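Report on the structure given below.
The values are calculated or read from the model by the stated rules, or taken from the named source; none is laboratory data. Just so we're clear, the structure is a prediction, and the values are computed from it rather than from any experiment. Note that each Cβ is placed from the backbone with ideal geometry, even for glycine, and that neighbours are counted across all protein chains shown.
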Amino acid sequence: MGLPPTEHISFLSFLVVPELNTHPAYPLLCFAVVLKQLFETIPVPKSYIADMRIRLALLLSVMFITSGLARTADLALTGAKIYTSPTDPPIENGSIVIREGLILFVGPSSTVKIAHSATVIDCKGLVVTAGFWNSHVHILAPALLHIQDSDARKLDQELDTIFNRWGFTTVFDIASVLDNTLALRRRIESGELRGPRILTVGEPIWMIEPVYVRDFLRQNHIHIENTQSPEQAIALVRAHAAKGANGIKLFTGSDQGHGQVALLPLATAKAAVDEAHRHGMPVFAHPTNVDGMRIAIDSGVDVLAHTVPESPPWTSEFAGQLKGANLSLIPTLTLFDVEARRQNVPDQQRTAFVAQMVDQLRAYSETGGDILFGTDIGYTDHYDTTLEFTLMSQAGMNYKQILASLTTNPARRFGDSDRTGRIAKDMKADLVVLSADPAQDVTAFSKVRFTIRNGKVVYKEK
């Protein structure tokens, strides 16, 4: 008995045009063409044709529609003053189109084409910059200490308070409990939490912990080993790198109170720095005094985590030595004001103390040294960035230099300038929308209307 009569199946009329190759469903359409060719060349029973014609048509229709829906709608910021970088002239009436977490277009609003399906944020009268880096934070705030067991809603509130509200799309945690910080990073990157990209050093290297953190560590049952030898330092760096740390922190000088500073031996510091650099990780130093600074310089450290309280005035020659060592400086000026107030230092002494730190920043900035913005939040709970910008301005930094400390400087220092720090086509869509222009008043950097990370709004001013 022979086979039933056969016919060729022709279930899809399809015209391939060049414009379709950018459509998200293009691969599926190509697949449909292949199926069509197969069914035109392979004989099948008539009884099978009608059912398969319907099934395949429905399947391909659903796949085509859902593939279009799967792509996130574009986000467009329109009518803003846009600082694409600290050095380029601003676009006075500009727009930015974001697609799939990347910048698709930035330029004058008159030249932009925005899809009808796009979400549009009217930024008339507002200012847009690249997302901010905070290069000195600690994931040690009480609400962030037990990430595995913490409620997502409460964590989002904390992340808003500490980071999102102030425009930070990338933060460098430079001392914390590594496993806990990595757990927070995973929850953010999974999309469960709204927060910045977190880079971390985890537990630091010190001869002995600073006197001012002992109570905190004990109360929160945090144990950080003291490092007694170069071999121990190398082992810690390797263990951190294997877990996913992004840098290393050295206490080249650890404050022990009453004018005593425990110095990290140069051999230990150098062993840690060399091993970190072999893993491609930058090294931060907390120096405390001039001797701690000298160890940082001689060991090849990359970043000074603070200006230095126990230091004579910085001359231009000394600042030149620091620059010659290719050191970046994180001023953390507000920290010194906060600490002085906490210790009830009289106003006149407090003002002089902070002015000393401002003068150090001025000396390094005038020498052309690399400045990174950082606030030491997590150690302090002073999250408002207004005072830091004010003090940086008092040190002679203009808004372009401050913007660089927030964007291009850290992106370059930490090897990320091909993805962040500027607003340009194909860069990551990490952006800050400000309600005022920092060219008129640098405290406008703290007046955040929206924070956008990977093309998604993670903070909107209420």
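For first residues located in segment 286-299 and in contact (Cβ under 8 Å) with a residue 12 or more places away in the chain, partners that are buried (at least 24 other Cβ atoms within 10 Å of the Cβ) and part of a helix (DSSP H, G or I) and lie 6+ apart or on another chain with Cβ distances below 7 Å form the pairs Pro287/Met293; Pro287/Ala296; Ile295/Ala269; Ser299/Ala269; Ser299/Val273.
If the condition is being over 28 Å from the mean Cα position of the chain (by Cα) and assigned to a helix (DSSP H, G or I), then segment 320-353 contributes Gly320, Gln321, Ala340, Arg341, Arg342, Asp347, Gln348, Gln349, Arg350, Thr351, Ala352, Phe353. For segment 69-92, a tally of residues being within 28 Å of Asn398 (Cβ to Cβ) and loosely packed, with under 14 Cβ neighbours inside 10 Å returns 4. Within segment 231-248, the presence of at least one residue that is under 23 Å from Ser135 (Cα atoms), without any contact (Cβ under 8 Å) to a residue 12 or more places away in the chain and assigned by TED's automatic domain parsing to the domain that holds Ile139 is confirmed.
Taken over segment 128-173, the residue count meeting the criterion of being more than 21 Å from Thr375 (Cβ to Cβ) and touching a strand residue (DSSP E or B) at 6+ places or on another chain (Cβ under 9 Å) is 1. When each of Pro287, Pro309 is tested for being at pLDDT below 95 and of a type outside the set (Lys, Arg), the lone residue that passes is Pro309.
Name the single residue, out of those in segment 247-300 being part of a helix (DSSP H, G or I) and in contact with a Pro (Cβ under 7 Å, 6 or more places away or on another chain), that is surrounded by the most Cβ atoms within 10 Å (Cβ to Cβ). Working first, answer last.
First pass over segment 247-300, keeping only residues part of a helix (DSSP H, G or I): 266-278, 290-299.
If we keep only those that are in contact with a Pro (Cβ under 7 Å, 6 or more places away or on another chain) as well, we get 267-268, 271, 293, 296.
On the way: Ala267: 12, Thr268: 25, Ala271: 21, Met293: 24, Ala296: 30.
My answer is Ala296.
When Asp179, Asp156, Asp160 are screened for being in contact (Cβ under 8 Å) with a residue 40 or more places away in the chain and either within 18 Å of His382 (Cα to Cα) or within 17 Å of the chain's Cα centre (by Cα) (or both), only Asp160 passes. If only residues of segment 426-443 that are touching a helix residue (DSSP H, G or I) at 6+ places or on another chain (Cβ under 7 Å) and surrounded by fewer than 20 Cβ atoms within 10 Å (Cβ to Cβ) are counted, the one that is farthest from Ala404 (Cα to Cα) is Ala436. Taking each residue of segment 105-129 that is over 15 Å from Thr72 (Cβ atoms) and looking for partners that are basic (Lys, Arg) with beta-carbon atoms closer than 7 Å, six or more apart or interchain, yields Phe105/Lys425; Val106/Lys425; Leu126/Arg449; Val127/Lys81. Mind listing whichever residues of segment 211-246 are assigned to a loop (DSSP other than H, G, I, E, B) and among the hydroxyl-bearing types (Ser, Thr, Tyr)? Residues satisfying the conditions are Thr227, Ser229. One residue stands out in segment 323-359 among those that are surrounded by 22 or more Cβ atoms within 10 Å (Cβ to Cβ) and touching a strand residue (DSSP E or B) at 6+ places or on another chain (Cβ under 8 Å): the one that is nearest to Thr380 (Cα to Cα), namely Leu335. Checking every residue in segment 60-75 against the condition of being hydrophobic (A, V, I, L, M, F, W, C), under 30 Å from Glu388 (Cα atoms) and at pLDDT 95 or above gives zero matches. Of the residues in segment 358-380, not one is without any contact (Cβ under 8 Å) to a residue 12 or more places away in the chain and either out of contact with any Asp or Glu (no Cβ under 8 Å at 6 or more places or on another chain) or of a type in the set (Ser, Thr, Tyr) (or both). When segment 354-392 is filtered for residues that are within 14 Å of Leu327 (Cβ to Cβ) and more than 26 Å from the chain's Cα centre (by Cα), the ones remaining, listed by number, are Gln360, Ala363, Thr367.
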